[in-house]
Amino acid sequence: MQVKAPRGTYDIMPDEIYKWHQLEQIIRTTAETFGYAEIRTPIFEHTELFERGVGDTTDIVSKEMYTFLDRSNRSLTLRPENTASCVRAFIEHSVAGGVLPVKWYYMGPMFRYDRPQAGRYRQFHQFGVEAFGSDNPALDAEVISLVLEILANLGLQEYELHLNSVGCPECRELYRQQLISHIRPVKDKLCTDCQTRFEKNPLRVLDCKVASCQEAIAGFPNMYDYLCPGCSKHYSRVQSILTDVGIAYIHDNQLVRGLDYYTNTAFEIMIPLIGAQSAVAGGGRYNGLVKECGGPQMPGIGFAMGLERLLLAMNSQENSRTNPGQLDVFLALLDEKNETRAAHILSGLRRAGIRADRDYNHRSAKAQMKYADKMGARLVLLLGEDEIQKGVVTIRDMQTRQQSEVSNEALIAAIKAILE
Ligand SMILES: [Zn+2]
Ligand SMILES: [Zn+2]
């Protein structure tokens, strides 16, 4: 029986990889211009880290994790997100003792046992940032503008920024009580998920997508009215900085995020191109998280964005992305007697950093040209008896269709000149 890739996973084949390389390159460069440095954490962690750092009432922890016992009976989990790991690394390496804030970014695969659908996979890729050690609302605004800068650099100009404040533990508790007494009388009208949410994390009822739930809770109290003076001031400051720099946003009092550790600013960014319902990036402040995971009291803020969804958005718009091809130079070997000479030329080219290959399957001269074209080679080098006699190589430019003879000594310089 043929074994296929597991449900919810997929291969990125070599003829598609250039899109990923371009996407990753743009994201890295943009993040680095904002002063973020890359961190790479393990793909799996102790299960307990996510239970504490993501929260065991969240969908992620309660039903979506890939958890397994290793051969020593330790419970390990494939990372469903990267923030908890960054927090663990922050604590484990005593980063709090150094210069703050620290600004990190990450990029890589995450794993969730989710229902696969368009743009949603069980192994998926995220880019995100975490900034630890500052409670300044200007940093909230900076993190948001980084997301928008990345979108702009990817050619995605249209977006919708949803913004809210989820307050601090004190004012949120006050709000929670109000919300509970508002929802309790209509509790039976909620969907089964919301019945559970109501018991464990009532704020989550607000962002349920089921229409009957929204009807049932209509007229719910607004978090904004319950913010304490500190939280209210923080939120106003974030809003005014965004307005000052010309970033439009929508105050969204149903944006609560699914995770327990968020404080103050919460935001999501939608791209109309891939459907208004689904966020391409989301994040916010999590001033309680480092302490929750066993570290010092330490403010933090971050976001994550889904790379599959970004690619989907990029693919659905006109753009000039082209496959740069796999090769710069293809060496057409016209006589097998010239094998040694060919090997020398190839190794010289490769050492000079030129992407070069040759035929290994005894193709005819014509078939070799076709093959070179398919591999995207800009130049074809012809090496026949004539060339060997004269100590030259014929260079054929596949774009201009021009041919010229170049001496063996001048070959690499000539190729580099054309490729530039
Ligand atoms: Zn507060
Ligand atoms: Zn519901």
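The values are calculated or read from the model by the stated rules, or taken from the named source; none is laboratory data. Predicted model only: the values in this text are computed from it and were never measured. For neighbour counting, all protein chains shown are included, and Cβ atoms are generated from backbone atoms with ideal geometry for every residue, glycine included.
How many residues are assigned to a loop (DSSP other than H, G, I, E, B) and in contact (Cβ under 8 Å) with a residue 12 or more places away in the chain when one looks only at region 64-81? Qualifying residue count, region 64-81: 6. Checked against (1) within 16 Å of ligand 1 (Cβ to nearest atom); (2) assigned by TED's automatic domain parsing to the domain that holds THR58, PRO221 passes all but a single condition, namely (2). Scanning region 380-420 for residues that are aliphatic (A, V, I, L, M), under 45 Å from the mean Cα position of the chain (by Cα) and not in a strand (DSSP E or B) turns up MET398, ALA410, LEU411, ILE412, ALA413, ALA414, ILE415, ALA417, ILE418, LEU419.
Table: residues versus (1) in the same structural domain as GLN25 (by TED's automatic domain parsing); (2) in contact with a helix residue (DSSP H, G or I) (Cβ under 6 Å, 6 or more places away or on another chain); (3) among the charged types (D, E, K, R).
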| residue | (1), (2), (3) |
| --- | --- |
| LEU78 | yes, no, no |
| ALA84 | yes, yes, no |
| VAL95 | yes, no, no |
| VAL102 | yes, yes, no |
| HIS125 | yes, yes, no |
| ASN136 | yes, no, no |
| GLU142 | yes, no, yes |
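Residues in region 161-174 include none that are at pLDDT 90 or above, surrounded by fewer than 13 Cβ atoms within 10 Å (Cβ to Cβ) and of a type in the set (S, T, N, Q). The set of residues in region 179-216 being more than 10 Å from ligand 2 (Cβ to nearest atom) and farther than 15 Å from GLN254 by Cβ consists of ILE180, SER181, ARG184, PRO185, VAL186, LYS187, ASP188, GLU199, LYS200.
Which helices (runs of 4 or more DSSP H) does region 153-236 wholly contain that include 2 or more residues that are within 26 Å of ARG285 (Cβ to Cβ)?
Numbers: elements: 169-183, 192-200, 211-216.
So the answer is 169-183, 192-200.
Each residue in region 82-134 was checked for being hydrophobic (A, V, I, L, M, F, W, C), within 13 Å of VAL290 (Cα to Cα) and not in a helix (DSSP H, G or I), and 2 of them qualify.
I want to confirm something. Restricting to region 233-256 and keeping residues that are within 16 Å of ligand 1 (Cβ to nearest atom) and under 23 Å from SER181 (Cα atoms), which single residue is modelled with the lowest pLDDT? Looking at the filtered set, the residue picked out is VAL256.
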